[in-house]
Amino acid sequence: AVSVDTNGLVVEQFARLVELALAHGINLHDPRYVGLQVPAPVPLAGLFDCIGAVINNPMAIYEMGPWVASAEQALIAELAGRIGWEGRDSGGIVTHGGSIANLTAILVARNVALGRSWELGIAPELATRGGRTAKLVVHADAHYCLARAAGITGIGTDNVVLAPLDDRRRIDPSRLDETLVTLRSAGHPIIAVSACACSTPVGAFDPLIEIAEVCQRHDVWLHVDAAHGGAALFSRKHCGLLAGIDLADSVTWDAHKMMFVPALCAFLLYKDKRHSYEAFRQNAPYLFDPSEPGLADFDGGLRTLECTKRAAALGLWGVWSLFGPELFEDLVDVTFALGRSLYEQLNAAADFTPLHEPQCNIVVFRYTPSALRDAAPAELGEFQLHLRRSVIESGDFYLVPTSHNGVAALRCTLMNPLTTPATLAALLQTLREHGQRILNRAS
């Protein structure tokens, strides 16, 4: 048997292990973290998350986690209301990340578009429709999980069609319409159109009203990946970026991004909650009690990829209950304003080149000192990668690489409300100093 040491040895060892883990990880709470779309979560959300870990109530069936299941349903209703889906017709699930949410949405769209494909497979269904391959149309800058979803669901990655973009890297509705006309004319079933709110590379918000009109005209499922940008619906200043999202059939929304709760806490929301039962047409009598059909909406295992699932929404429920939705509005407004501040500083600097005008807190740019003004694109891109590596290895800042029009660039996502415009000015100066050292070594 394990005994607790009365001299506090276990407590000391616990403290040492915590310090060890913290010392060798990356500190997202540092204002100089300007990297990926992963926030410094609200600390109290982490404490609520700990409760879920300790009680360990699995979320497949209501009777094994009644309180957390109820909290999930309340949050689903709140987020659906923010989208504009009022009443009892909408619904959704909580799942482990946007990739699973997007996969599930595409699976539902496939099952709706191709009848009995869940039971028979895609090939027999397509054979009854002329044998043409089915197509999934996605934003050309869509997250890579959409291509994975196509592969997993049997659509095939070669059948992912990239929707044409405009000069701000948003889906061009008129060219999308032409794409769907061409596919329909060739006899291809169209599984869905997946739009972005916003895209991962540059944070572009698609014109959803116009895209929805195109999808309605062609009777095509519209999915919106709002994993990052969904929280802008809380902001009176920025909610217009998502105008038309209520016209979608399904929406992915990650609370562990712009709602600042610990990962993973993702929502997949449906305009018509009946569609949530189209994902997995199965029966598990050892789990689900047919004598209580009214519990179906609370038995998440009927509609989620996971059976055992952690209480992922407890952190969100806790901070929302404590602080209200105003907290999320403030976090969106502050971080989006930081994106604008960085863009303006880049614009004002002769030795930096912003590569787009940001719509949110994602900013892509290059450091372009005079010595590289006439450099070939490949050389300029390679310099950005070396520069970024030098900065992160120094511990001065953390930012990430990306590619813009095929050439490497630098990318910042401002996910910490403690970052200030002065922090961003220090970032630019740090990039200058490291860049000059690289150039001096090369000369």
Note on the range 115-171: alpha-carbon gyration tensor, axes a ≥ b ≥ c; rule is a/c under 1.5 for rounded, else prolate if a/b larger than b/c, else oblate; result prolate
Diffing the range 123-137: the Karplus 3J(HN,Hα) column from phi (6.51, -1.76, 1.60, θ = phi - 60°), in whole Hz with x for Gly and Pro, holds 4, x, 5, 5, 4, 6, 10, x, x, 6, 5, 7, 10, 10, 9
Taking r as the C-beta separation of ARG168 and ALA15 and R0 as 51 Å, the FRET efficiency to the nearest 0.05 is 0.50
Summed over the other residues with a beta carbon less than 14 angstrom from that of ASP141, with K and R at +1 and D and E at -1, the charge totals -1
Stokes-Einstein D for the range 325-394 (25 °C, 0.890 mPa s, Kirkwood Rh from Cα pairs), in µm²/s, comes to 178 µm²/s
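Take the alpha carbon atoms of the range 326-442, find their radius of gyration, then divide it by 2.2 N^0.38 Å using N residues; give the quotient.
So the Cα radius of gyration is 1.06 times the expected 2.2 N^0.38 Å.
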Rounded to whole angstrom, the alpha-carbon centroid of the range 198-216 lies from that of the range 403-422 at a distance of 22 Å
With 0.36 nm assigned to each residue of separation and the Cα-Cα distance removed, ASN56 to SER394 gains 117.7 nm
Along the range 406-418, Karplus-curve 3J(HN,Hα) (6.51, -1.76, 1.60; θ = phi - 60°) to the nearest Hz, with x for Gly and Pro, reads x, 10, 4, 8, 9, 9, 10, 10, 8, 10, 10, x, 7
With -39,500 (n - 2.57) per DSSP H segment of 4 or more residues and division by the full residue count of the chain, the 222 nm estimate, nearest 500 deg cm²/dmol, is -13000 deg cm²/dmol
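Calculate how many DSSP beta bridges within the chain are antiparallel, expressed in % of all such bridges and rounded to the nearest 5.
60 percent
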In this structure, among LYS237/LYS273; LYS237/LYS271; LYS135/LYS273; LYS257/LYS309, pairs with alpha-carbon gaps over 27 Å are LYS237/LYS273
Note, the range 358-372: 3J(HN,Hα) by Karplus (6.51, -1.76, 1.60, θ = phi - 60°), whole Hz, Gly/Pro = x, goes x, 9, 8, 9, 10, 10, 10, 7, 9, 8, 10, x, 4, 5, 10
Percent antiparallel among DSSP beta bridges confined to the range 326-442, rounded to 5, stands at 100 percent
In debye to the nearest 20, the charge dipole size for the range 44-97, taken about the Cα centre with +1 at each Lys and Arg Cβ and -1 at each Asp and Glu Cβ, equals 40 debye
Net charge (Lys, Arg +1; Asp, Glu -1) of residues whose beta-carbon lies under 13 Å from that of LEU264, LEU264 excluded, is 0
Its Cα gyration tensor gives the range 120-268 an equivalent ellipsoid whose semi-axes in whole Å, largest first, are 27, 18, 12
Residues of the range 406-430 with backbone N under 19 Å of the label point set 7 Å from the Cα of GLN436 along Cα→Cβ are 424-430
With label points set 7 Å from each Cα along the Cα-to-Cβ direction at SER321 and VAL38, the distance between them in nm comes to 2.8 nm
The residues LEU418, LEU241, LEU269, sorted from fewest to most surrounding Cβ atoms within 10 Å, come out as LEU418, LEU241, LEU269
Non-local residues with an amide H under 5 Å from the amide H of ALA163, with H modelled 1.01 Å from N and Pro and chain starts lacking one, are VAL138, HIS139, ALA140
Around GLY244 (Cβ within 11 Å, Cβ-to-Cβ, excluding GLY244; K/R +1, D/E -1) the net charge comes to -4
Counting only DSSP loop positions in the range 173-273, the trypsin sites (Lys or Arg not before Pro) whose Cβ has at most 13 other Cβ atoms within 10 Å are ARG236, LYS237
Reviewing [x] 0.98; [y] 1.00; [z] 1.05, the figure for Rg/Rh (Cα atoms, Kirkwood Rh) actually calculated from this model sits under [y]
The long-range amide H neighbours of HIS188, using H built 1.01 Å from N in the peptide plane and a cut-off of under 5 Å, are none
Within the range 360-401, DSSP-loop trypsin sites (Lys or Arg not before Pro) with at most 13 other C-beta atoms within 10 Å are ARG373
If the chain between ARG88 and ALA425 were fully extended at 0.36 nm per residue, the gain over the current Cα-Cα distance would be 116.5 nm
In Å, the Kirkwood hydrodynamic radius from C-alpha pairs for the range 253-396 sits at 20.0 Å
Sorted by chain and number, the residues with a modelled amide H under 5 Å from that of SER403, at a separation of 5 or more or across chains, are ALA409
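Taken together, the values in this text are just the output of simple stated rules run on the coordinates, not laboratory data. Since this is a predicted model, take the numbers as computed values, not measurements. Neighbour counts run over all protein chains shown; Cβ positions are idealised from the backbone, glycine included.
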